[in-house]
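Values quoted throughout were computed directly from the atomic coordinates according to the rules given, and no laboratory measurement underlies them. Quick caveat: nothing in here was measured; it's all calculated off a predicted structure.
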Amino acid sequence: MALVKERVVSWGASPSPDVAGYKVYYKKGGSPTYSDPSVSVGKNLSITLPSGLTGAIAWYGDYTLGISCVDTVGNESDMSYGSSFFDFVAPDAPGLVLIG
């Protein structure tokens, strides 16, 4: 299995007293909406990419992350956005190794 360099994404806490957790939405080439893929991260204020996302994520390109907070009854805030170029695709392995 190839090794890709991970990146940590962090954000500031919501000042609302009833925050139950945060959700991280992601989308390539535009701002995410509530129907785009997301991951709940509890009350953590950061996520390590790509390992913090479920499934195998092979990102290469410009992505926008949207962070929302969810309160104790399930209401979800507006998103705060951040964009970056991500490269979570390892290069191909070298050719045959010859030992002489």
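General observations
- Coupling constants for the range 83-100 follow from the phi torsions by the Karplus curve (6.51 cos²θ - 1.76 cosθ + 1.60, θ = phi - 60°), and in residue order they are 10, 7, 8, 10, 9, 10, 10, 6, x, 5, 5, x, x, 3, 8, 10, 10, x Hz; glycine and proline get x.
- When only Cα pairs below 8 angstrom with a gap of at least 6 residues are kept, the chain shows a relative contact order of 31 percent.
- Fully extended contour minus Cα-Cα distance, from Asp71 to Val97, at 0.36 nm per residue: 3.8 nm
- GNM flexibility winner over the chain from Pro15, Pro37, Pro50 (Cα, springs under 10 Å): Pro15
- Rule-of-thumb Rg ratio for the chain [Cα; 2.2 N^0.38 Å; N residues]: 1.34
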